[in-house]
Amino acid sequence: MIAGSKLERAINSGEFVVTGELGPPKGADIEEMKHHAEGMRNHVEAYNITDNQTAIVRTSSIACGKTLVDMDLEPIIQIVVRDRNRICIQSDVLGAHAMGIKNILCLAGDHQSFGNEPGSKGVYDIDSMQLIKGLKDMRDEKKFMGGDDVEGDFSCFLGAVENPFADPFEYRVDRLEKKIEAGASFIQTQCIFDLERFERWMELVRERGLHKRCAILGGVTPMKSLGAARYMKNNVSGITIPDALVDRLKGAEKKKEEGLKIAIETIERLKEIEGVSGVHIMAIAWEEVVPEIVERAGLYPRPKF
Amino acid sequence: MIIAERKPLEEIAAMAAPFKKVCVVGCNTCVAVCMAGGQKEAEETAALLRIHRKKANVEGEVEVFSIERQCEYEMIDEYLEKLKSYDLIVSLACGVGVQTVVDHVPSLRVVPGLNTTSMGYPTEQGVWKENCLGCGDCVLHLTMGICPITRCCKSILNGPCGGSAEGKCELGKDVDCAWQLIHDRLAAFGRVGELAEIQPPKDWSTSHHGGARTTVREDVRIDRGE
């Protein structure tokens, strides 16, 4: 065991893992997020807490992570390199550790020009790869990025993201391997809509045995409406949705049910792909549907970890 | 070279409005080449400013001349008396030139007539692209002559990130992904395997983040008074 988190135990158990995602409030009312967290309590092992996703100002991911810890739930805090330099990031992860947060997901973050403070200065002191390596070295070598000793026992279960739908495609597996080398123990992928491409990517992953070196959780997002699908297709960085899927939703009488069916079918397929350790369900602004997806995908009840 | 564009005329006119004797001073080097602040543009700016002031009933005169390089004391010296004869200098130099004039002749009132945008190069008539941030620790040998610090919007050293699609940056279809370009050039030279190496965090102390930089070259300094 690295950090002894519930997520780590779940991954080590070999069971098909389920993680969810919560977006912190865009304001001071944290009750809704707590309500969504409560609603998934028995359906997911852990919750990603996004870090000012799409560069929109929200309550801090670490503060929301602490809120979950207090609810006896398991957070995976996201850390992006857009808003903080290495001094602040290292300080913040030590703070997160002090508050009982054990899982950290490292990522670059969407460019600040996409958000509600487009005039802000992007930090990008380090990149996501250097973030993973830096946190791993704090944990395993007891060294800060600058070389000073880290006092005490800092531990964290480190994850990263990978996008099999970004380009150049052939580099995406190299990049996964690089993130594993840097220190990632688990990987959550970008939302999977193009299963054919995902399966090609997984083939390359298996050829190199990377699935044995880190847990790969496939990203799944239920499409709530045709508008939501089109928005994601055209506006969300790194997401590709095949036209056939948009057409399927377009042709469906009950859009929400069709969106759910697509998500559930995707999970069913992911369960069959060798090397996929679990699923990461991102139902931002549709959190209440997660229990139904988990149940209908045959993943309920969850084992105890 | 240094790339700049002229400020909107309204902004220049507002800065110049309180002053009677105004001179638009061009700079005949970088900003002349990028057609923003050379003699020709200085004359145009002065003419437009005169019309604007006339319409707004602002009294006074607007004259114009150019200095070969406003970023060198010696070249400013050639026009010292002339410069001092005006109430306001509208400098069409880059930010470097404006500050060199102020530094060298502190009694002058100088305002910028240009917005300095970048260090870059023209790709076609009327299009200039930024390609160097002057970070003080060049990595172009690692990246096949394409600068990720400047040309990747996240300045990452281990790219491309997950926002790269069809050769373009997540910023939009008109922005090339620098790391796709680096990847392709490395691949063309059989060096793509080098991307597997984790590049460590950059030492930004050599860049502007270490504060404004002073470059001292002892080997070319002149000892005075010995």
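Condition check ((1) over 14 Å from B:Cys23 (Cβ atoms); (2) modelled with pLDDT under 95; (3) among the aromatic types (Phe, Trp, Tyr)) across all residues:
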{"position": "B:Arg53", "(1), (2), (3)": "no, no, no"}
{"position": "B:Cys71", "(1), (2), (3)": "yes, no, no"}
{"position": "B:Tyr79", "(1), (2), (3)": "no, no, yes"}
{"position": "B:Lys84", "(1), (2), (3)": "no, no, no"}
{"position": "B:Ile89", "(1), (2), (3)": "no, no, no"}
{"position": "B:Leu92", "(1), (2), (3)": "no, no, no"}
{"position": "B:Gly97", "(1), (2), (3)": "yes, no, no"}
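Any idea how many residues of segment A:239-293 are assigned to a helix (DSSP H, G or I), farther than 16 Å from A:Gln190 by Cα and within 17 Å of the chain's Cα centre (by Cα)?
2
Restricting attention to segment A:213-238, report how many residues are over 17 Å from the mean Cα position of the chain (by Cα), at pLDDT 95 or above and closer than 18 Å to A:Pro164 by Cβ.
The qualifying residues number 1.
Between B:Glu170, B:Glu166, which is closer than 29 Å to A:Asn235 by Cα and surrounded by 21 or more Cβ atoms within 10 Å (Cβ to Cβ)?
When all the criteria are applied, what remains is B:Glu170.
For segment A:136-151, enumerate the residues that are surrounded by 19 or more Cβ atoms within 10 Å (Cβ to Cβ) and more than 12 Å from chain B (Cβ to nearest Cβ).
Correct list: A:Met138, A:Arg139.
Determine which member of the set B:Gly159, B:Gly126 is of a type outside the set (A, V, I, L, M) and either touching a His at 6+ places or on another chain (Cβ under 7 Å) or surrounded by fewer than 22 Cβ atoms within 10 Å (Cβ to Cβ) (or both).
B:Gly126
Go through segment A:166-187 residue by residue and tally those that are more than 9 Å from chain B (Cβ to nearest Cβ) and either aliphatic (A, V, I, L, M) or in contact with a Gly (Cβ under 6 Å, 6 or more places away or on another chain) (or both).
Of the residues in segment A:166-187, 6 are more than 9 Å from chain B (Cβ to nearest Cβ) and either aliphatic (A, V, I, L, M) or in contact with a Gly (Cβ under 6 Å, 6 or more places away or on another chain) (or both).
Counting residues that are over 20 Å from B:Met1 (Cβ atoms) and in the same structural domain as B:Ala17 (by TED's automatic domain parsing), which helices (runs of 4 or more DSSP H) fully inside segment B:27-89 reach at least 3?
It comes to B:39-55, B:73-77, B:80-84.
So, B:Glu170, is that one of a type outside the set (Ser, Thr, Tyr), modelled with pLDDT under 95 and in contact with a Ser or Thr (Cβ under 8 Å, 6 or more places away or on another chain) or not?
Numbers: of a type outside the set (Ser, Thr, Tyr): yes; modelled with pLDDT under 95: yes; in contact with a Ser or Thr (Cβ under 8 Å, 6 or more places away or on another chain): yes.
It is true that B:Glu170 is of a type outside the set (Ser, Thr, Tyr), modelled with pLDDT under 95 and in contact with a Ser or Thr (Cβ under 8 Å, 6 or more places away or on another chain).
Have a look at A:Ile2, A:Ile87, A:Ile11, A:Ile62 and point out the one that is over 13 Å from the mean Cα position of the chain (by Cα) and within 14 Å of chain B (Cβ to nearest Cβ).
A:Ile87
Is one or more of the residues making up segment B:94-101 over 11 Å from the mean Cα position of the chain (by Cα) and not in a helix (DSSP H, G or I)?
No: zero hits.
Do any residues in segment A:131-160 that are under 15 Å from A:Met1 (Cβ atoms) have Cβ atoms under 7 Å from those of residues that are hydroxyl-bearing (Ser, Thr, Tyr) and modelled with pLDDT of 95 or more, where the two are at least six apart or on different chains, and which pairs are they?
Pairs that qualify, where the first residue is under 15 Å from A:Met1 (Cβ atoms) and the partner is hydroxyl-bearing (Ser, Thr, Tyr) and modelled with pLDDT of 95 or more, are A:Arg139/A:Ser155; A:Phe157/A:Ser5; A:Phe157/A:Ser185; A:Leu158/A:Ser185.
Go through segment A:1-47 and give me each residue that's closer than 13 Å to A:Gly278 by Cβ and crowded, with 21+ Cβ neighbours inside 10 Å.
A:Leu7, A:Glu8, A:Ala10, A:Ile11, A:Val17, A:Val18, A:Thr19, A:Gly20, A:Val44, A:Glu45, A:Ala46
State which residue is surrounded by the most Cβ atoms within 10 Å (Cβ to Cβ) when the search covers only segment A:111-121 and only residues that are in a loop (DSSP other than H, G, I, E, B) and more than 7 Å from chain B (Cβ to nearest Cβ). Explain how you work it out, then say what you get.
Filtering segment A:111-121 down to residues in a loop (DSSP other than H, G, I, E, B) leaves A:111, A:115-121.
Among the residues that remain, those that are also more than 7 Å from chain B (Cβ to nearest Cβ) are: A:115-121.
Values: A:Gly115: 18, A:Asn116: 13, A:Glu117: 13, A:Pro118: 10, A:Gly119: 6, A:Ser120: 14, A:Lys121: 9.
Here the residue is A:Gly115.
The values are calculated or read from the model by the stated rules, or taken from the named source; none is laboratory data. Note that this is a predicted model, so its numbers are computed, not measured. In this analysis, Cβ positions are derived from the backbone assuming ideal geometry, glycine residues included, and neighbour counts consider all displayed protein chains.
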